[in-house]
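Trainee: Before anything else, here's the structure in question.
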Ligand SMILES: [Zn+2]
């Protein structure tokens, strides 16, 4: 059998070592600002984090298995992936600003809780019921009993809605006690990606995320936007309120200015600005990495130009009024100039990808004729 295609983990090849060394000298690994930002506002942290599921042999979520990340980056791992995994493993309950809180490190994505007049508004109840419930338990450990009055799904990827039944009851949604807000076409797009293509994409996702690989410097190290996808139970509660256009909606006494971003990171997606907090939520349009335009797991292809223009629109409309940017993967940015610079850099990433793809395609064509 060809050596390269066995399941046995192996040492880094000379080529891999050279590529990793080149990256190590290209990026500034002495810059620790992200580590400060990722820990800013921490209110509560469990000493260790393992979330059990139905199978006693296999926890749904186990950060303890990533203990090896405390060491220096070995030759088998891309140093940038090692660094972002050290950031993604930081877990706990965090205050974004007084009134906005996030539980991080309990899933591949973050769950956000916003204090309303009567109770709590939950944005993006993560991937599995078990991890969502554990995150809400952490919130309640700090604040006491927290009644959920509304839920927001920013988009139809399952790491943003599938844990809903872990924190709310479907009866409370059908009775009208809890409203669920989602962008127009959320359900169709969620079904297309998670049901029609679900089985194929789920299998590809297992390869992409390495969910079943042993955690080790030669196995699963993390996947950039988070550690990995949790195992556990998925759920879906259909939204009750569809947001179809840019509009302002009062939700449990909090003013949400919704900004639509269809056809960007997801086919249906919204972001929002909260004037009371001078806070901008970019959903998953921005984070601390660069998204794939064509995902390896097979999600619908993304439009880098629409994406760049979506972020540019945010800067034009809310740039002067924003004091904090928070998102659904990765830690927030604080301070107006820092927020602006962060948004501009993220915008430019996608615009550059778009422009250079066309530019290089043209050059290639010119050479062929
Ligand atoms: Zn996500």
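Trainee: Would you point out which residue out of 316, 322 is without any contact (Cβ under 8 Å) to a residue 60 or more places away in the chain and in contact with a strand residue (DSSP E or B) (Cβ under 7 Å, 6 or more places away or on another chain)?
Mentor: Answer to the check: 322.
Trainee: Could you tell me whether the range 304-314 includes any residue that is under 20 Å from residue 34 (Cα atoms) and within 16 Å of the ligand (Cβ to nearest atom)?
Mentor: No, there is no match, as no residue in the range 304-314 is under 20 Å from residue 34 (Cα atoms) and within 16 Å of the ligand (Cβ to nearest atom).
Trainee: Oh, and also: Is the range 222-231 home to any residue that is away from the ligand (no atom under 16 Å from the Cβ) and either under 22 Å from residue 286 (Cβ atoms) or surrounded by fewer than 20 Cβ atoms within 10 Å (Cβ to Cβ) (or both)?
Mentor: No, the range 222-231 has no match at all.
Trainee: Taking residue 242 as the residue in question, decide whether it is within 16 Å of the ligand (Cβ to nearest atom), under 29 Å from residue 169 (Cβ atoms) and either surrounded by fewer than 21 Cβ atoms within 10 Å (Cβ to Cβ) or without any contact (Cβ under 8 Å) to a residue 12 or more places away in the chain (or both).
Mentor: no
Trainee: What strands (runs of 3 or more DSSP E) lie completely within the range 29-110 and have 2 or more residues being buried (at least 17 other Cβ atoms within 10 Å of the Cβ)?
Mentor: 92-97, 100-104
Trainee: Got a sec? Which of 264, 295 is within 14 Å of the ligand (Cβ to nearest atom) and buried (at least 19 other Cβ atoms within 10 Å of the Cβ)?
Mentor: 264
Trainee: Still on this structure, I have one more. Would you say residue 280 is more than 16 Å from the ligand (Cβ to nearest atom) and out of contact with any strand residue (DSSP E or B) (no Cβ under 7 Å at 6 or more places or on another chain)?
Mentor: no
Trainee: I want to confirm something. Restricting to the range 181-197 and keeping residues that are more than 23 Å from residue 133 (Cβ to Cβ) and within 16 Å of the ligand (Cβ to nearest atom), which single residue is surrounded by the most Cβ atoms within 10 Å (Cβ to Cβ)?
Mentor: 183
Trainee: Follow-up question, since we're still on this one. So which residues in the range 152-171 are out of contact with any strand residue (DSSP E or B) (no Cβ under 8 Å at 6 or more places or on another chain) and away from the ligand (no atom under 16 Å from the Cβ)?
Mentor: Once the filter is applied, which keeps residues that are out of contact with any strand residue (DSSP E or B) (no Cβ under 8 Å at 6 or more places or on another chain) and away from the ligand (no atom under 16 Å from the Cβ), the range 152-171 yields 165, 166, 169, 170, 171.
Trainee: I'm told residue 205 meets every condition in (1) modelled with pLDDT under 95; (2) more than 15 Å from the ligand (Cβ to nearest atom) except one. Can you identify the failing condition by its number?
Mentor: That leaves (2) as the condition not met.
The values are calculated or read from the model by the stated rules, or taken from the named source; none is laboratory data. Note that this is a predicted model, so its numbers are computed, not measured. Neighbour counts are summed over all protein chains in view; Cβ atoms, including those assigned to glycine, are modelled from backbone coordinates with ideal geometry.
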